[in-house]
Amino acid sequence: MTGPVILALPGSEAFGEALRAHVFGEPGGLDHRQFPDGETYLRIMSEVADRDVVLVSSLDRPDPKLLPLLFAADTLREMGARKIGLVAPYLAYMRQDIRFHPGEAVTSRSFATVLSHHLDWLVTVDPHLHRYHALGDVYRIPSRVVHAAPLMADWIRENVSRPVIIGPDKESEQWVAQVAAGADAPFLVCEKERSGDREVRISIPRAENLADRQPVLVDDIASSGRTLAVAAKQLVDMGFAPPDCVVVHPLFAGDAAQALSGLARRIVSTNTIVHATNGIDVVGPVAEAVQALL
Ligand code: R5P
């Protein structure tokens, strides 16, 4: 049986190529550019009739990526592709999962509706599930979620001696506990209050008995970097060493690097988003999830 056609959207070429090797897929060709007026030109350069197609697009900075993705999916459908799946190592718009103030867009729902309409299945890595319990609460297509916790635990076991794992907020407890169990380390969970995009307060539980261990802050997303920065500064003020930070999705938006500068010993992330801190490869388990849906 022939493998799927793997079509990487701009920015996800490296992930697409690694995935292709794992699933024995065939590389697909895509021509994509902007017209002078900013509109998108897109052409599928592969024969896809009766073939399974896997689109690969990490959806960080999602707005300019969404239309090319939808155009690609529609065109593939018109060209007779059998099933069109999406591998989005980072899935955007999961955090606005409720209307906090009257009139706000619940963007997670709208985004999920649009993607579910155009695609047949979805694979992603640790989507930000807070008030939703599962992707199926908003996505109406078959989906698989890959968990980075075991890979993060492996990295910590191999690279940090005597770690204590620290989760910055209550929501992180479940997977922080999993990372800690895998790394054979104790863990702490903090309380976080966010009052603005770049304003967070974090209370770290007292843990004098753990202060001689190397703190490892783990989080699913680093966006403004303030959660990690505030937690790192507080840990040092409490007598801990500068922490290592291990994050799944390294968005590091705007001045995040500056906000974190000098506060952490090391920062490492998974390759769901291309970033200088990438050090943990999630392609293997993503490929397994894709195989399960093909
Ligand atoms: C929030 O619930 C997430 O788990 C992260 O802690 C948050 O998105 C990090 O954002 P920032 O880097 O902007 O503090």
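The values are calculated or read from the model by the stated rules, or taken from the named source; none is laboratory data. It should be emphasised that the depicted structure is a prediction, and the values quoted were computed from it without experimental measurement. Heads up, the Cβs are rebuilt from the backbone with ideal geometry, glycines too, and the neighbour counts pull from every protein chain shown. These accessible areas exclude ligands, DNA and RNA; they are computed on the full protein's heavy atoms, side chains included. Shrake-Rupley method; radii C 1.70, N 1.55, O 1.52, S 1.80 Å.
Counting only protein chains, not ligands or nucleic acids, how are Met152, Met79, Met45 ordered by accessible area (probe 1.4 Å), most first?
Output order, biggest surface exposure first: Met45, Met79, Met152.
Quick one: what are the phi-derived ³J(HN,Hα) couplings along the stretch 35-44, Karplus 6.51/-1.76/1.60 with θ = phi - 60°, whole Hz, x for glycine and proline?
5, x, 8, x, 6, 8, 9, 9, 9, 8
Amide H of Thr40 versus every other amide H placed in the peptide plane: which residues, excluding those fewer than 5 positions away on the same chain, fall under 5 Å?
Phe35
If the cut-off is a Cα-Cα distance under 17 Å, which lysines reach Lys233, setting aside same-chain residues fewer than 8 apart in sequence?
Lys192
I want the local charge near Glu193. Using Cβ-Cβ distances under 15 Å, sum +1 for each Lys or Arg and -1 for each Asp or Glu among the other residues.
Once positives and negatives cancel, what remains is +1.
If you fit an axis through the alpha-carbon atoms of helix 107-118 and take the longest principal axis of the Cα set of the chain, what angle between them do you get, 0 to 90°, nearest 10?
Once rounded, the angle reads 30 degrees.
Determine the shape class of the stretch 114-227: with a ≥ b ≥ c the square roots of the Cα gyration tensor eigenvalues, call it rounded for a/c under 1.5, and otherwise prolate if a/b is greater than b/c, oblate otherwise.
In terms of gyration-tensor shape, oblate.
In whole Hz, what ³J(HN,Hα) sequence does the stretch 241-257 give by Karplus (6.51, -1.76, 1.60; θ = phi - 60°), x for Gly and Pro?
6, x, x, 8, 10, 10, 10, 6, 10, x, 5, 5, 7, x, 8, 4, 4
Using 0.36 nm times the number of residues separating Ala134 and Ala276, minus their current alpha carbon distance, what extension gain do you get?
So the chain would gain 48.1 nm between Ala134 and Ala276.
List the residues, sorted by chain then number, that are 5 or more residues from Leu251 or on another chain and whose placed amide H is less than 5 Å from its amide H.
Those lying under 5 Å, H to H, from Leu251 are Ala222.
Apply the a/c threshold of 1.5 to the C-alpha gyration tensor of the chain and tell me whether it is rounded, prolate or oblate.
prolate
Between Met45 and Glu208, what length comes free when the chain is fully extended (0.36 nm per residue of separation minus the Cα-Cα distance, one decimal in nm)?
Computed gain between Met45 and Glu208 is 52.6 nm.
Nearest 20 debye, what's the magnitude of the dipole of the chain about its Cα centre given +1 on Lys and Arg Cβ and -1 on Asp and Glu Cβ?
340 debye
Angle between the Cα long axis of helix 173-183 and the longest principal axis of the chain, 0 to 90 degrees, nearest 10?
Roughly 80 degrees, rounded to the nearest 10.
So in the chain, what percent of DSSP beta bridges are antiparallel if you round to the nearest 5?
20 percent
Taking 0.36 nm per residue of sequence separation and subtracting the Cα-Cα distance, how much length would be gained by fully extending the chain between His147 and Ala257, in nm to one decimal?
37.1 nm
Heavy atoms only, 1.4 Å probe, whole protein assembly: order His118, His249 by accessible area, highest first.
Largest accessible area first, the list is His118, His249.
Simple spin-label model, 7 Å along Cα-to-Cβ: Leu67 to Arg201 in nm?
Taking the two extended label points, one gets 4.3 nm.
Dipole magnitude of the stretch 149-271 about its Cα centre, charges +1 at Lys/Arg Cβ and -1 at Asp/Glu Cβ only, in debye to the nearest 20?
That gives the stretch 149-271 a dipole magnitude of about 220 debye.
What is the angle, in °, between the Cα long axis of helix 13-23 and the longest principal axis of the Cα atoms in the chain? Nearest 10 is fine, range 0 to 90.
Value to nearest ten degrees: 80.
Mind listing the phi-derived Karplus ³J(HN,Hα) values for the stretch 261-267, rounded to whole Hz, using 6.51, -1.76 and 1.60 with θ = phi - 60°, and x for any glycine or proline?
Here the 3J(HN,Hα) series is 4, x, 9, 10, 6, 8, 10 Hz.
Sequence-distant or interchain residues sharing an amide H contact under 5 Å with Val123, placed H: which?
Leu86, Val87, Ala88, Arg144
If r is the Cβ-Cβ distance from Ala181 to Ile98 and R0 is 25 Å, what FRET efficiency results, to the nearest 0.05?
0.25
When the helices in the chain are scored as -39500 (n - 2.57) per DSSP H run of 4 or longer and the sum is shared across all residues, what 222 nm value do you end up with, to the nearest 500 deg cm²/dmol?
-9000 deg cm²/dmol
Can you tell which of Val268, Leu235, Asn159 lies farthest toward the positive end of the dipole of the stretch 149-271, using +1 and -1 charges on the Cβ of basic and acidic side chains (Lys, Arg; Asp, Glu)?
Farthest along the dipole direction, towards plus: Leu235.
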